[in-house]
1. Starting from the range 137-221, pick out the chymotrypsin sites (Phe, Trp or Tyr not before Pro) whose DSSP state is loop and whose Cβ has at most 15 other Cβ atoms within 10 Å.
2. Straight-line reach from LYS174: which lysines have Cα under 26 Å away, leaving out those fewer than 8 places along the same chain?
3. Taking GluC sites (Glu not before Pro) that fall in a DSSP loop and have at most 14 other Cβ atoms within 10 Å as cut points, what is the longest piece of the chain between them?
4. Along the Cα→Cβ direction, 7 angstrom out, place labels at ASP121 and ASP143. What is the inter-label distance in nm?
5. Rounded to the nearest 500, what is the chain's calculated 222 nm mean residue ellipticity when only DSSP H runs of at least 4 contribute -39500 (n - 2.57) each, over all residues?
6. Obtain the nm distance between the two label points defined at ASP231 and PHE204 by a simple spin-label model: each point lies 7 Å from its Cα along the Cα-to-C-beta direction.
7. With springs connecting C-alpha atoms under 10 Å apart, model the chain as a Gaussian network and identify which of ALA241, ALA136, ALA100 has the largest mean-square fluctuation.
8. How charged is the neighbourhood of ILE113? Take every other residue with its Cβ under 10 Å from the Cβ of ILE113, and add Lys/Arg as +1 and Asp/Glu as -1.
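Laboratory data are not the source of any read-out in this text; all were calculated from the coordinates shown. For clarity, every value in this text was computed on a predicted model and none was experimentally measured. Positions of Cβ are generated from backbone atoms using ideal geometry, with glycine treated the same way; all protein chains shown enter the neighbour counts.
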Amino acid sequence: MKIFEPRSLLLVISAPFLFATPAFAEESNDNLFWPLPGEYVAEETYVGEGDVERNPRKSVRDFDEHDSILHFVITPRIKPGVLRLGAEWERLSFGLPDGAPLPDTLQAVNLVIGLDTQLSDSILIRVEAQPGVYDAGFDDLSDDFNAPFVVGGTYIFSPNLQLVLGVSVDIERKYPVIPAVGIRWKMAPQWVLNAVLPTPRLEFVVNNGLTLYAGANLKQANYRVDDHFGDNTGNVRLNHAVLTYTEVRTGAGIDWKISPVVTLTGEVGYQPYREFDFYRAEVRYGQDGGAPYGTISLHGTF
């Protein structure tokens, strides 16, 4: 006997810096204007003024950050499982002082192409690629293409406990292949430990429409700076260099399900870690002073 019906299965793939999303979401066929099921995210985060430094004589002080995300994916069902087809845009804008040796914008525009499938009653698999342009702007897109991808799976021990395994592959990363593991454990009727990257958190379910949580958000991506970035900053090794940007946020928030297809999330917290790493050129600016942040998001499935 099956533990769950496929449409109610929750697949949370654990791979570094991948959104955890439902694989077999509840499908709504009542929308006459948009008959296909899917998911969306519209999110804005503001991070207050923080500092990074390369060494005591080279630092960048008192700059803030705006992180904007738009994500839209349709999830039609086919015989092998659930397709994931869509697009995503993320823009990180930094309020850097004039002459700073860091890019003031990092931007990614990519497709989402994947498949969620069920191998057995207890094993679910996701394969997903995010081919697109990852750079510091739209000046020259010809050689800023990258196609990171993830493969992950969930093993369902019971309705209250799932083990998540995954691997992330990105050829532009210092370590191209990174494995990860996590669990989702409903410890009590109102308490859920959702220890899955990139947003591990502890949740308290107040009711069907309201959830409180505390946890973290781990972000990392690779970008190409422009062809003359090094010329402008006094280090020619940084011309068209690969930059790995990493940050960690820790905070608490609230999920409010306004309607069956709209959830509003508000979160506040502190960013204890941020790093700009031109690892191939051996130039790294690490966190020297954290900053508070606030996030607001509208998201849901339909």
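1. Working: sites: PHE138, PHE145, PHE149, TYR155, PHE157, TRP185, TRP191, PHE204, TYR213; in loops: PHE138.
Here the sparse-neighbourhood loop sites are PHE138.
2. LYS58, LYS219
3. Details: sites that count: GLU26, GLU282.
The segment 27-281 is the longest one with no such site.
4. 5.5 nm
5. Values: 1 runs with 5 residues, N = 302.
Computed ellipticity for the chain at 222 nm equals -500 deg cm²/dmol.
6. It is 5.8 nm.
7. Judging by the Gaussian network model, the answer is ALA100.
8. Details: positive: ARG84; negative: GLU128.
Around ILE113, the charge tally is 0.
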